[in-house]
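Here's the structure, in structure tokens; my notes come after.
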Amino acid sequence: MGSPMALYFLDRPTHSRGDDVPPTRSHIRATTEGYLARYPEEREVLAGLLSVLDGAANPSSRATLPGHVTCSAAVIDRHRRVLHIGHKVTGLLLAPGGHVEDDRTLLAAALREVCEETGLRPGDLCLTPQFLGAPIDIDVHAIDANPAKGEGAHQHFDFRFAFYLATEEPLPLALQDEEVSGAQWLPLADVRSPTLRAKLLDAEALGLDGLPEPVNASALIHDGHGRYLLHLRDQREDIWAPGMFDLLGGGRTMDDPCLEATLRRELAEEVPGLEPTGLMPFAVERATSVDGLAVPVQVYGGRWNGDPDTVDLREGVLLRWFTVDMLDRLSLSPGLGDLIRCHAAKHPAADGPPDGARPLSGKAPAGTELHIVGVHLHLQDEHGRILLGLRHPVSKFAPNTWHFLAGHCEREAAITCLVREAKEEVGLIIEPDDVELVHTVHHVDSPGARPRIGLVFRAHSWTGTPEVLEPDRCVEWRWWKPQDLPAEVVPYTRRAIEGILGGRPYSEMGWGER
């Protein structure tokens, strides 16, 4: 089967080598600080590197003295052995590596070096789940002067990246004869670099075993009635599979406890409000990163019956439902069609669309217009002040504007949605019996927009203190006196507050003011 997964953690420029530029100072600094967050005791050892990063010279240029950045690769096979090569100039047996050139990232530099020196291809390697794209070690070692090259004595700040061999057995090597005298696979305990050896042995206790495993997760979301949810990616040259339909998902981070957590985090970041049920592993696919690395991807099957237009899509162009017979008419990422057909064969669809689902033609039943239903929380404290949140400056809806705590009602009861949103967004616990509907706003933003119904509920009691739990959506929660509301309030929110204070249960906006 092909490689249909969306590799969001690999969304980096895919230009040819001639268009590449060396890693930026900010990239090197961020990589260094991420490493020091894991190994804070090494900050003093890396003082020279930090000094170079604070200087004006290019930290990855071999002309930068008294030291500069280099990169190397610890390639691990399934026998827990690490590839070493003999360097003709030094006579030492080392992990493959060298100077940074026009490489977009430090990891790309390490990958290029190991391929140039050993003849391995990027697709013969994959990331380890223990370190992903972060360095396993940063070593500082002295380099003797080389008068023939006009180089004085200096230091190398060597960023070491761990890779698994993607094949079961080591492949034949095509060594770079000019610089390499031979190659050996050494057990972890015999790795020549003391600092790298210590890190590898520590990681072995955490499961570093040389066996490739998924480091990405994607969601094959279906409605149980033959429809599959596909994501149209941006038409940009700097991302994987631009302009193609793909699955939602992304790459594991060091903070994710498992791949299901990776997937749920990615969904929350990309499409908050879309929460599939019954997520279960379905297949493991192999994709290829923009650097050419092999990327095992865990595909989870899950169900959802919502309207894609009601979720807040934050990446890509659109979400749509498609049936299997429509796949041949779409531009799909490689292998995605086969994956969906395989799933459909194993999970036959129920007859007809799910209850309340919009027909695939996009037309509502004759004489009706589908509405988006939003739930809103009108909360007043003991002083009569109203709780409002300031939306994020880059929010697609009402940036830098104050708004109720709110959310789109999915296939759930409105009060259930309200209770869930209050807990997720601000950490408030509200009992359903303490809630009453106090106002309804029927509004439309523009003549061609989908009309909306805003249900505003008042909670008479709650527990907890409002806090920012979704900083990508809301940057502040504040209590406001009704007579002193800020100027930047969502218009229908202001209309609802005025209606509630005036004892009116209903208002309209956008239909022609009355």
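The values are calculated or read from the model by the stated rules, or taken from the named source; none is laboratory data. The model shown is predicted, which means the values in this text are computed figures rather than measured ones. Because the Cβ atoms are built from the backbone with ideal geometry, glycine has one as well, and the counts that use them run over all protein chains shown. Accessible surface is based on the protein model in full, side chains and every heavy atom, while ligands, DNA and RNA are left aside. Shrake-Rupley method; radii C 1.70, N 1.55, O 1.52, S 1.80 Å.
Quick notes on this structure:
- Using a Förster distance of 25 Å, the FRET efficiency for W185-N146 (Cβ separation, nearest 0.05): 0.25
- Within the same chain, lysines fewer than 8 places from K481 are excluded, and of the rest, those with a Cα less than 26 Å from its Cα are K423.
- Burial ranking of peptide ranges 500-506, 372-378 (average Cβ count within 10 Å, highest at the top): 372-378, 500-506
- Residue among P22, H443, W304 farthest towards the positive dipole end of the chain, charges placed on Cβ: H443
- Accessible area of the chain belonging to carbon and sulfur atoms, whole % at 1.4 Å probe: 53 percent
- The simple Förster model, with R0 at 41 Å and r as the Cβ-Cβ distance, assigns R43 and F397 a FRET efficiency of 0.45.
- Rg and Dmax [Cα atoms of segment 366-514; Å; Rg one decimal, Dmax integer]: 14.8, 49
- With all protein chains modelled, accessible area of F282 [1.4 Å, Å²]: 50 Å²
- Annotation: for a label point projected 7 angstrom from Cα along Cα→Cβ of K481, no residues of segment 389-412 have a backbone N closer than 12 Å.
- Across segment 140-172, the residues whose backbone nitrogen lies under 19 Å from the label position 7 Å along the beta-carbon direction of A198 are 140-142, 156-162.
- Debye intensity ratio I(q)/I(0), log10, segment 116-236, q values 0.19 Å⁻¹ (C-alpha model): -1.23
- Within the same chain, lysines fewer than 8 places from K88 are excluded, and of the rest, those with a Cα less than 20 Å from its Cα are K149.
- Shape category assigned to segment 450-511 from the gyration tensor of Cα positions, a/c cut at 1.5: prolate
- Taking every DSSP beta bridge that has both ends in the chain, the antiparallel portion is near 70%.
- On Cα atoms only, tilt of 106-118 relative to the major axis of the chain in degrees: 40 degrees
- Ellipticity estimate at 222 nm from DSSP helix runs (n ≥ 4, -39,500 (n - 2.57)) divided over the chain, nearest 500: -5500 deg cm²/dmol
- Solvent exposure of the chain as accessible area per residue, Å², 1.4 Å probe: 46 Å²
- Using a cutoff of 8 angstrom between alpha carbon atoms and counting only pairs six or more residues apart, the relative contact order for the chain works out to 14 percent.
- Across every pair of non-identical alpha carbons in segment 49-122, the mean reciprocal distance, once inverted, gives a Kirkwood radius of 13.5 Å.
- Measuring only protein heavy atoms, the 1.4 Å probe finds D445 accessible over about 110 Å².
- Three-way shape call for segment 14-138 based on the alpha-carbon gyration tensor, with the a/c threshold at 1.5: rounded
- Put simply, the Cα atoms of segment 380-422 extend 33, 29, 10 Å along their principal axes, the longest span coming first.
- Compactness of segment 242-331, expressed as Rg and Dmax over alpha-carbon positions, Å: 13.9, 39
- Legend: calculated FRET efficiency, E508 to E213, from the Cβ-Cβ distance at R0 = 45 Å, rounded to 0.05, equals 0.20.
- 0 to 90° range, to nearest 10: angle between helix 194-204 axis and the chain longest Cα axis: 50 degrees
- Percentage of interatomic Cα-Cα distances in the chain larger than 29 Å: 61 percent
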